[in-house]
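Remarks on the structure that follows.
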Amino acid sequence: MPASPARVSVVIATRNRGPELLGTLARLRALPEPPPVVVVDNGSSDGTAEMVRADHPGPGVRVVGLRRNRGGAARTVGARLVDSPYVAFSDDDSWWAPGALERAVGLLDRHPRLAVLAARVLVGPEERLDPVCAEMAGSPLGRAGDLPGPSVLGFIACGAVVRRSAFLEVGGFDVRLGVGGEEELLSVDLAAGGWGLAYAEEVVAHHHPSPSRDPSGRRRVQMRNALWSAWLRRPLGGAARQTAHLTALAMHQRGASSGLLLAMFGLPWVLRERRTIPKELEAALRILTE
């Protein structure tokens, strides 16, 4: 089934990367079946929204400007604005390969429990397989009979297609997590709700990481979010084991150790909103950690 405005839309969250975003939009609009695109601008100061409106004045690209940076939660804003049953996420430095969205629509149509289709992400001009995709392809969780690929409990946001109803049912991305590991909490909440997440290597996205990224800062946020996710959802034993595991990792990753301190600042709201997941889901998370 071809991707069409009635079946899948692309949502892009962006901030201060206008020129890169224009390149991504050009690639998406050049697809054989160009999907409608919603760009959610996270309070850019470089005129990103104006650039997009000038370069894509037609109805195929809609720009929504936010007054403040909502991080990954800007994708949730975009998902609420479309009326297609499926939403494909891109970043301002990533895009979908020809035929990818059509394949994703077909898989989601045939597997009604599938909430997140995690695509194969190829990085850079040399098209290296993202290491996270290699891990998902070899997932120790096996493959459920009603899913199109290995079961996963995480994904790469810029290479994922979601079932809009399931995504919004659990609230989408939490604004407090920003950008960097925000996928984990959403994955756990979807799985706790009975939804499936699966890796599908036949669906391909391209990612050319922006040179303006801050790897050290991103690791700091990822560490914070991993700890928050553990204490928000896992039983005390699981949360404690994950904390010990992450603390050991932080000692070997530049910038990650300061994420431990950041996580402590959020402890009051984390404990206040704590909700323990089912035992079967905790067992699956333990398998992944081990």
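The values are calculated or read from the model by the stated rules, or taken from the named source; none is laboratory data. The structure presented is a predicted model; accordingly, all values stated were derived computationally and were not measured. In this analysis, Cβ positions are derived from the backbone assuming ideal geometry, glycine residues included, and neighbour counts consider all displayed protein chains. Surface areas here come from the heavy atoms of the whole protein model, side chains and all, with no ligands, DNA or RNA. Shrake-Rupley method; radii C 1.70, N 1.55, O 1.52, S 1.80 Å.
Do you know which residues across the stretch 153-169 are outside any helix (DSSP H, G or I), out of contact with any Leu (no Cβ under 6 Å at 6 or more places or on another chain) and open to solvent by less than 10 Å² (accessible area, probe 1.4 Å)? Selection gives A160, V162.
Test R176 against the criterion of being of a type outside the set (D, E), in contact (Cβ under 8 Å) with a residue 60 or more places away in the chain and closer than 24 Å to L281 by Cα, and give yes or no. Quick ask: steps written out before the conclusion?
Numbers: of a type outside the set (D, E): yes; in contact (Cβ under 8 Å) with a residue 60 or more places away in the chain: yes; closer than 24 Å to L281 by Cα: yes.
Considered against the rule, which asks whether it is of a type outside the set (D, E), in contact (Cβ under 8 Å) with a residue 60 or more places away in the chain and closer than 24 Å to L281 by Cα, R176 comes out as yes.
State which residue pairs qualify: first residue more than 24 Å from A73 (Cβ to Cβ) and inside the stretch 14-38, second residue assigned to a helix (DSSP H, G or I) and of a type outside the set (D, E, K, R) in any location, beta carbons under 7 Å apart, and separation of 6 or more residues or different chains. What qualifies is P34/L28. When the helices (runs of 4 or more DSSP H) confined to the stretch 170-289 are screened for residues that are among the β-branched types (V, I, T), those reaching at least 1 such residues are found at 183-192, 215-233, 236-250, 267-272, 279-289. The C-beta contact set for the stretch 270-290 (first residue closer than 12 Å to R233 by Cα, second residue open to solvent by 70 Å² or more (accessible area, probe 1.4 Å) and of a type in the set (S, T, Y), distance under 9 angstrom, 6+ apart or interchain) comprises E282/T276. For first residues located in the stretch 200-229 and closer than 25 Å to L25 by Cβ, partners that are among the hydroxyl-bearing types (S, T, Y) and lie 6+ apart or on another chain with Cβ distances below 7 Å form the pairs A205/S94; H206/S94; H207/S94. Scanning the stretch 102-141 for residues that are outside any helix (DSSP H, G or I) and open to solvent by 30 Å² or more (accessible area, probe 1.4 Å) yields H111, P112, R113, R120, P125, E126, E127, R128, L129, G138, P140, L141. Looking across the stretch 170-191, the residues that are open to solvent by 20 Å² or more (accessible area, probe 1.4 Å) and among the aliphatic types (A, V, I, L, M) come down to V170, V175, V179, A191.
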